[in-house]
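Enquirer: This structure is in structure tokens; I'll ask about it shortly.
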Amino acid sequence: FLYFVFQPENLQKNWLREFYQVVHAHKPHFMALHCQEFGGKNYEASMSHVDKFVKELLSSDAMKDYNRARVYLDENYKSQEHFTALGSFYFLHESLKNIYQFDFKAKKYKKVTGKEIYSDTLESTPMLEKEKFPQDYFPECKWSRKGFIRTRWCITDCAFDLVNIHLFHDASNLIAWETSPSVYSGIRHKALGYVLDRIIDQRFEKVSYFVFGDFNFRLDAKAVVETLCAKATMQTIRAADTNEVVKLIFRESDNDRKVMLQLEKKLFDYFNQDVFRDNNGTALLEFDRELSVFKDRLYELDISFPPSYPYSEDSSQGKQYMNTRCPAWCDRILMSHSAKELILKSENDEKIVIYDHIGPNVCMGDHKPVFLSFRIAAGAGKPIANVHKCCVVQ
């Protein structure tokens, strides 16, 4: 499943090239691509780029063997009540026979044929469930687009839900730093819990599910700063008129009091970015704690790629992080414990399950896409299971 934050036109070529390379390398039979903030911040001006991107994706030579597709784009940016800016793409390889999609209104599966695009008002489409989180979940944000889209699929008797999700961000580094865990992680827990309760409620049969998108999971800011600046002294700068803290400066106690970290509402300027890149940032994984609340409900493969956000949007700086936020693994692919059982274990040394990021050396925008490639046991639990290769890109 692919997660993708849509970027301006000049990044499309890079993005698509890297994406096509992953498709070519793994040759999935069923592929899901989940996008958030589709169209960027200025929707009215950039929707033409979205249309161009969709046409390129559906007609490209790299995708010619995918003879069926479903595209769901929430482009109704004038509807403050419903707009989520989510985009969900699903591609079916010509070799894949009977595949069905669930109609939530009719409560039955329908065979998937041809290529279809749905946009603008997804509320009237029975083939998905879409919901924007209530405004009171994150009152700081006047017009949040955060929410989720859910679709359900069946490949030879194996049914599963695919949920495209976008959770709330950190509004201020200073507020995130105040408490451990931060107030923002609590907001994300509430929203994710709401989604999980929603997709396993009593309205429909329970099936395995994959949830992938921009969870905005952040490292425990207080613990990270205390670790990175363990021997530093802190200087607090306040606004003259309100006495509000506007900046924290951490300096080395010796070494000419060198500045190690500057922290503002939207500034996280640490002097040595290598700590986030070396060995894929493994040393910082202990501070990635937000998922632990859901360990009984969600499973994730081991992370072996560097933090996926916030990368520089300078096309010449493919590996550089922006100094706006502490780098974190925002983009994830999670699954129910029953979905974990659908993924076949390797019977030999062949690496069948791969969880990684796309475009490590190329500018892909401020997020690096993350993907999961695996073989799924269709009809899992039955004596004879047909095996299909899937790829999920987040």
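Enquirer: Percentage of Cα-Cα pair distances in the chain greater than 26 Å, rounded to whole percent?
Expert: Of all Cα-Cα distances in the chain, 53 percent exceed 26 Å.
Enquirer: Another question about this same structure. Counting only residues 5 or more places away or on other chains, whose amide H sits under 5 Å from the amide H of CYS158 once H atoms are built in the peptide plane?
Expert: Hits under the 5 Å cutoff: GLY379.
Enquirer: Let me ask something else about it. State to the nearest 20 debye the size of the charge dipole of region 193-309 about its Cα centre, where the only charges are +1 on K and R beta carbons and -1 on D and E beta carbons. Write out the running numbers ahead of the final one.
Expert: Working: 17 positive and 21 negative charges, 54 e Å.
Here region 193-309 has a charge dipole of around 260 debye.
Enquirer: So how many Å³ per residue does the convex hull of the Cα atoms of region 166-312 work out to?
Expert: That works out to 139 Å³ per residue.
Enquirer: Assuming R0 = 56 Å, what is the FRET efficiency of ARG257 and LYS105, from their Cβ-Cβ distance, to the nearest 0.05? Walk me through the numbers before you get to the answer.
Expert: Numbers: r = 65 Å, r/R0 = 1.17.
E(calc), rounded to 0.05, equals 0.30.
Enquirer: Which residues' amide hydrogens lie under 5 Å from the amide hydrogen of GLY39, considering only partners 5 or more residues apart or on another chain, with H built in the peptide plane?
Expert: PHE6
Enquirer: Would you list which aspartates and glutamates come within 14 Å of LYS258, measuring only between C-alpha atoms, while excluding same-chain residues fewer than 8 positions from it?
Expert: Within reach: ASP269.
Enquirer: If the cut-off is 24 Å between C-alpha atoms, which lysines fall inside it for LYS295, apart from same-chain ones fewer than 8 positions away?
Expert: Cα-Cα hits under 24 Å: LYS146, LYS190, LYS206, LYS222, LYS340, LYS345.
Enquirer: Return P(r) of region 129-228 (all Cα-Cα pairs; 5 Å bins starting at 0; whole %; ordered from short to long distances).
Expert: Calculated over all Cα pairs of region 129-228, the distribution is 2, 12, 21, 19, 15, 12, 9, 6, 3, 1, 0 percent.
Enquirer: Under 5 Å between amide H atoms, partner at least 5 residues away or on a different chain: which partners does THR324 have, H built in plane at 1.01 Å?
Expert: Counting only residues 5 or more places away or on other chains, the set is PHE268.
Enquirer: Roughly how many Å² of CYS158 are accessible to a 1.4 Å probe, to the nearest 10?
Expert: 10 Å²
Enquirer: Taking the highest mean first, how do the peptides 49-59, 175-185 order by number of other beta carbon atoms within 10 angstrom per residue? Walk me through the intermediate numbers first.
Expert: Details: 49-59: 15.7, 175-185: 19.0.
Sorting 49-59, 175-185 by mean packing, highest first, produces 175-185, 49-59.
Enquirer: Could you tell me the relative contact order of the chain? Use alpha-carbon pairs under 8 Å, at least six residues apart, and round to a whole percent.
Expert: Value for the chain: 18 percent.
Enquirer: Can I ask one more? Quick one: what are the phi-derived ³J(HN,Hα) couplings along region 332-338, Karplus 6.51/-1.76/1.60 with θ = phi - 60°, whole Hz, x for glycine and proline?
Expert: Values per residue, Gly and Pro as x: 9, 10, 10, 8, 6, 5, 6 Hz.
Enquirer: Quick check on my link table: of LYS13/LYS55; LYS55/LYS107; LYS78/LYS266, which ones sit more than 21 Å apart, alpha carbon to alpha carbon?
Expert: Distance filter (> 21 Å) returns LYS55/LYS107; LYS78/LYS266.
Enquirer: Report the calculated FRET efficiency for ALA240 and ASP51 (r = Cβ-Cβ distance, R0 = 45 Å), to the nearest 0.05.
Expert: Taking R0 as 45 Å, the efficiency between ALA240 and ASP51 is 0.40.
Enquirer: Take the alpha-carbon centre of region 46-62, take the same for region 258-305, and report the distance between them in whole Å.
Expert: Using only Cα atoms to place each centre, the spacing works out to 33 Å.
Enquirer: If you add up the charges near LYS368, with Lys and Arg at +1 and Asp and Glu at -1, over every other residue whose beta carbon is less than 13 angstrom from its beta carbon, what do you get?
Expert: -3
Enquirer: Report the extension gain between GLU123 and LYS265 in nm, rounded to one decimal, defined as 0.36 nm multiplied by the number of residues separating them, less their alpha carbon distance.
Expert: 47.5 nm
Enquirer: So with the 1.4 Å probe, I'd like the accessible area per residue for the chain, rounded to whole Å².
Expert: 44 Å²
Enquirer: Hey, can you rank 21-27, 353-359 by average C-beta count inside 10 Å, highest first? All intermediate terms of the calculation are to be shown ahead of the outcome.
Expert: Details: 21-27: 14.9, 353-359: 18.4.
Packing order, densest peptide first, comes out as 353-359, 21-27.
Enquirer: Another question, if that's okay. Apply the Karplus curve 6.51 cos²θ - 1.76 cosθ + 1.60, θ = phi - 60°, to the phi angles in region 356-364 and return the couplings in whole Hz, x for Gly and Pro.
Expert: 7, 10, 10, x, x, 10, 10, 5, 10
Enquirer: For region 6-124, what is Rg from Cα atoms divided by 2.2 N^0.38 Å, rounded to two decimals? Walk me through the numbers on the way to the answer.
Expert: Values: Rg = 15.0 Å, N = 119, 2.2 N^0.38 = 13.5 Å.
Relative to the rule-of-thumb radius for its length, region 6-124 sits at 1.11.
Enquirer: What aspartates and glutamates could a cross-link reach from LYS132, if we take a straight Cα to Cα line under 14 Å and drop same-chain neighbours fewer than 8 places away?
Expert: Filter leaves GLU37, ASP74, GLU75, GLU81, GLU123.
Enquirer: Out of PRO134, CYS154, PHE210, whose Cα points farthest toward the positive end of the dipole of the chain (charges: +1 Lys, Arg; -1 Asp, Glu; placed on Cβ)?
Expert: Positive-end residue among those listed: CYS154.
Enquirer: What part of the accessible area of region 164-268, given as a whole %, is carbon or sulfur when the probe is 1.4 angstrom?
Expert: 50 percent
The values are calculated or read from the model by the stated rules, or taken from the named source; none is laboratory data. Keep in mind the model is a prediction, meaning the values are calculated, not measured. Ideal geometry is used to build each Cβ from the backbone, glycine not excepted, and the neighbour counts take in all protein chains shown. Areas reflect the complete protein model, heavy atoms only, side chains present, ligands, DNA and RNA absent. Shrake-Rupley method; radii C 1.70, N 1.55, O 1.52, S 1.80 Å.
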